[in-house]
Amino acid sequence: MMAGAMGRFVCVEGIDGAGKTLIAGEVVARLRAEGVNAALVSRDSVAADEGAAKRLRILTELLWGYDARDAIQRLGHRHLILLMASWFDLFHRWIVAPALAGHQVTVTDQSPCKYIARFHALGRTCADGLFDQLIAPDLVLLLGVDPALAASRKPGLKPTECGTEARNDLAAFIAFQSAVAERLRRLRNPAWREIDASAPAAIVATSAVEAVRSIIGPGTS
């Protein structure tokens, strides 16, 4: 675990389409409205260090900026997970750690657990141990949602979300994301709390904020 963490660190986790980005943003907005010094960090966050910022931009484009028709899985699982490990190392060192040093609560929709679960669902163990040195979250909010509902929230399905380059249809998405959800639950520890994310976003956000309050204490600002 990286040194220097001062505030509470909250990760919003779940399968693709669970609503992680929406809920993370809503949680921070509500906490701020209550007077809590809260920060939201994401792929859009910019590192203060120019070199780190440049490398994060490049890695972000390589990992998430590809066209859905690009067969990136042919590059190999090890290649992809090593890029991911490099991105998360920079993200935690240059984005998460400074946010924790300056805020009471830092919330992110970016966690390696979904990607570890993806690789496990594919029968791959190449991700194991690569993320052990990251800052450990004080709370992980696991958004539980039916994969069919998750698919309906997405504008399109990528092959990486379906577990195969051969298909990116609804049936493949549901089958793969069901396996990912099962592997995610296997990764749970006492810091994890599962929330039913099939409810409207406002209700999900209320449950999430209540969970965050439980780790920062009542009436804290």
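Just so you know, all these numbers are worked out from the coordinates, no wet-lab data involved. The structure displayed is predicted, hence computed values, not measured ones. Glycine also receives a Cβ, built like all others from the backbone with ideal geometry; neighbour counts cover every protein chain displayed.
Amide hydrogen proximity for Glu13: with H placed 1.01 Å from N in the peptide plane, the residues at 5 or more positions away or on another chain lying under 5 Å are Leu141, Leu142, Leu143. With the alpha-carbon atoms of the range 87-156 aligned to their principal axes, the span from lowest to highest coordinate is 39, 28, 21 Å, starting with the largest. For the chain, the longest principal axis of the Cα atoms and the long axis of helix 170-186 meet at an angle of about 50 degrees.
Going by neighbour counts of Cβ atoms within 10 Å, the residues Lys20, Lys114 line up, fewest first, as Lys114, Lys20. Across all directions, the average projected area of the convex hull around the alpha carbons of the range 7-109 is 7.1 nm². With θ taken as phi - 60° and the Karplus curve 6.51 cos²θ - 1.76 cosθ + 1.60 applied, the whole-hertz 3J(HN,Hα) list for the range 32-45 is 4, 4, 8, x, 7, 7, 10, 10, 10, 10, 7, 4, 7, 5 Hz, x standing for glycine and proline.
Ordered by the count of other Cβ atoms within 10 Å of each Cβ, fewest first, Trp87, Trp192 give Trp192, Trp87. Once backbone amide H atoms are built at 1.01 Å from N, Ala39 has Val105, Thr106, Val107 as its partners under 5 Å, excluding neighbours fewer than 5 places away on the same chain. Using only the alpha-carbon atoms, how far is helix 77-91 inclined from the longest principal axis of the chain? Give it as 0 to 90 degrees, nearest 10. Value to nearest ten degrees: 20.
A simple spin-label model places the labels of Lys154 and Ala191 2.7 nm from each other, with each point 7 Å out along Cα-to-Cβ.
A simple rule links phi to the HN-Hα coupling: the Karplus curve 6.51 cos²θ - 1.76 cosθ + 1.60 with θ = phi - 60°, which for the range 109-123 gives 9, 10, 9, x, 4, 4, 6, 4, 5, 4, 5, 5, 5, 8, x Hz, with x for Gly and Pro.
Helix 50-64 against the longest principal axis of the chain: what's the angle in degrees, Cα atoms only, rounded to the nearest 10? In the chain, helix 50-64 runs at an angle near 40 degrees to the longest axis.
For Asp16, Asp169, Asp44, Asp89, the sequence from fewest to most other C-beta atoms within 10 Å is Asp44, Asp169, Asp89, Asp16.
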